[in-house]
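Structure, as structure tokens:
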Amino acid sequence: MTFNPQDRNLSVFHHPILTVLVDDSKSFIDSLAFQMDPSRPVVTFTDPREALQWIRETYTTRSTGFLPVRVTHDDLTFLTERRTVQLDIDRIYRQIHDYNRFVQPGVIVVDYSMPQMNGLEFCQALQDLPCKTILLTGTADEGIAVQGFNHGLIDRYVKKHDSNMVERLDQEIDALQQQYFATLSRTLRDLLTRHSFSFLSDPAICERVRQVTARYGFVEYYLYPNPAGILMLTAQGQATLMVIETRAGLINQVESAEAYDAPAALIEGLREGRIVPFFWPGNGMYTPACIDWEQYCLPAERCEGREDYFYALFDLPRHLLQEPVVSFQGFLDDFARHPERVTGRAAR
């Protein structure tokens, strides 16, 4: 997982998605797909109209993009003025059980010069969808690409004949994948940062999450509601919870522990910010069920941002996930064996 260093906020979730290559030259597109990052699932098309139809159908039938909001009514009157809006935050991390999260055509790479329609016309036909676009250009097409970029028809352009074209393309795809999730989750992130998840918009935590994902090789992450933190997954589906506490959160933990006459060492460790708890038997807070408190606590790492944060990485007990995790590696294995079943068409 890579991050754009200019983005100072965290998306509410991030996971691998499909890259779509569109070029009327089969030899070029096969060569390009072969040279790209092998962990990047790629779908190729030589017919732009077929590509447009498939992209639209995929977003319609298999996209998991959502704002996890529920509108409820008064059970007796159903009056509109008694409607309430609730955030179902659990839905964010429950995407880890959904196979289709990986089958999102998030970044489209299209050649400008094609006989049926040019690349700008193709990108214009996708403007109502959340996917990001990269235009491949020849030397003579560069001015056209600049105009397309300035008019918002494309997100990037890459010269086909540059010696480092594949490397540059991989970098641009990574950056646009990050933008894809930033766009999908912006409204939700703005809502959440006003309440219990202010760390989502703190550049210090954003940078720390980047460091942690790079160090341990996590390929996807999701906001986790209780305790507040970031749920991270390896390609094999191993789940790790980065519990993130603030000073105020640790004070709440102290008060809960004191109410149940918890051991003095626990209370002192929480008060001094030396430990971070994950009291999963007590729904996040200390209860008598957590009397062996050491197994639910880890030494705190500190992160100084707009406020002080204290975090630790916990292996998430599998029973808390309720359903099996669909791993990215499992998806890649299926994609390699049965691309037509995974995508609804044959990958070439």
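Every number here is computed from the coordinates shown, using simple stated rules; none is lab data. As the structure is a computational prediction, the values presented were derived from the model and not from experiment. Every residue, glycine among them, receives a Cβ derived from its backbone with ideal geometry; neighbour counts consider all protein chains shown.
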Inset, instruction - Treat the count of other C-beta atoms within 10 Å as a stand-in for reagent exposure and order R208, R247, R215 from fewest to most. - result: R215, R247, R208
Legend entry - Rounded to whole Hz, the Karplus (6.51, -1.76, 1.60) HN-Hα couplings of the stretch 304-312, x for glycine and proline: 9, x, 5, 9, 7, 10, 10, 9, 7
Legend entry - Footprinting exposure proxy for H15, H338 (fewest neighbouring C-beta atoms within 10 Å first): H338, H15
Legend entry - Helix runs (DSSP H) in the chain reaching 30 Å along axis by Cα, Kyte-Doolittle at least -0.5: 165-192
Inset, instruction - Would you mind working out the magnitude of the charge dipole of the chain relative to its Cα centre, with +1 at each Lys and Arg C-beta and -1 at each Asp and Glu C-beta, to the nearest 20 Debye? - result: 400
Inset, instruction - List the residues whose amide H sits under 5 Å from the amide H of T44, counting only those 5 or more places along or on another chain, with H placed 1.01 Å from N in the peptide plane. - result: L21, R348
Inset, instruction - Calculate the radius of gyration of the Cα atoms of the stretch 198-320 to one decimal place, then report Dmax, the largest Cα-Cα distance, as a whole number, both in Å. - result: 14.2, 42
Inset, instruction - Assuming R0 = 45 Å, can you tell me the calculated FRET efficiency for the pair T61 and L298, based on Cβ-Cβ distance, to the nearest 0.05? - result: 0.60
Inset, instruction - Have a look at the chain and give its Rg and Dmax from the Cα atoms, expressed in angstrom. - result: 23.1, 76
Legend entry - Which of V212, W280, P317, positive extreme of dipole for the stretch 198-320 (C-beta unit charges): V212
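Quick one: order F218, F279 by neighbouring beta-carbon count within 10 Å, fewest to most.
Fewest to most other Cβ atoms nearby, the residues stand as F279, F218.
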